[in-house]
Amino acid sequence: MNVRELDINKIKLEKLDIPDDVDLAGDLLSREHYLGNCKLQGEQMRYVATYRGKWVAILYFHHATRHSADRDKLIGWDLGLRVKRRKYISGNARYLVLKEFTGIRNLGSKILSLVAERISNDWEKKYGHPIL
């Protein structure tokens, strides 16, 4: 496959929840991501972007950090609101476009748009509340 001719409109996003696939994703992150793999705790969601069945990217999301002064100030949260509403936001823990697919115009944005379309629904199915 010539990746330069990849049709980004045919990228698919799949939840990553089969243990062997999670292990493979962890290995790839360890080798290719500048921060390495990470251990997700609490509420979390893992995805893999594929093209014709081949992995293109790995994305990990987790519950929002407990304390972020900049975030809380921007949103206007005091301690009480943060405790009540933090569960409705998520943070990106890892995002890796595999080496073979780097440099493809608009690929990263396309993958993130696919995540944005579905993460709230997936999160609600798994944890009983959406991501806003």
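The residue pairs whose first member lies in segment 119-132 and is free of Cβ contacts under 8 Å to residues at least 40 places away in the same chain and within 19 Å of residue 93 (Cα to Cα), whose second member is open to solvent by 60 Å² or more (accessible area, probe 1.4 Å) and part of a loop (DSSP other than H, G, I, E, B), and whose beta carbons are closer than 9 Å, counting only pairs six or more residues apart or on different chains, are 120/132.
Under the condition of being at pLDDT 95 or above, closer than 19 Å to residue 115 by Cβ and not hydrophobic (A, V, I, L, M, F, W, C), the residues counted in segment 10-20 number 4.
A single entry from 26, 108 fulfils the requirement of being without any contact (Cβ under 8 Å) to a residue 60 or more places away in the chain, out of contact with any Ser or Thr (no Cβ under 7 Å at 6 or more places or on another chain) and closer than 27 Å to residue 128 by Cα: 26.
Do you know which residues across segment 79-99 are of a type in the set (D, E, K, R) and loosely packed, with under 13 Cβ neighbours inside 10 Å?
If we filter segment 79-99 for residues that are of a type in the set (D, E, K, R), which is where we start, we get 82, 84-87, 94, 99.
Result: 84, 99.
Summed over segment 61-77, residues that are farther than 23 Å from residue 39 by Cα and among the aromatic types (Phe, Trp, Tyr) total 1.
Considering segment 4-21, the residues that are open to solvent by 80 Å² or more (accessible area, probe 1.4 Å) and in a loop (DSSP other than H, G, I, E, B) include one that is farthest from residue 48 (Cα to Cα), namely 18. In segment 71-119, how many are over 12 Å from the mean Cα position of the chain (by Cα), of a type in the set (Ser, Thr, Tyr) and under 16 Å from residue 42 (Cα atoms)? Residues flagged as over 12 Å from the mean Cα position of the chain (by Cα), of a type in the set (Ser, Thr, Tyr) and under 16 Å from residue 42 (Cα atoms) within segment 71-119 amount to 1. Restricting attention to segment 30-60, the residues being touching a Lys or Arg at 6+ places or on another chain (Cβ under 8 Å), open to solvent by less than 70 Å² (accessible area, probe 1.4 Å) and either modelled with pLDDT under 95 or more than 17 Å from residue 93 (Cα to Cα) (or both) number 8.
The values are calculated or read from the model by the stated rules, or taken from the named source; none is laboratory data. Everything quoted here is computed from the prediction, not taken from an experiment. Note that each Cβ is placed from the backbone with ideal geometry, even for glycine, and that neighbours are counted across all protein chains shown. Side chains are part of the model used for accessible areas, which takes the heavy atoms of the whole protein and leaves out ligands, DNA and RNA. Shrake-Rupley method; radii C 1.70, N 1.55, O 1.52, S 1.80 Å.
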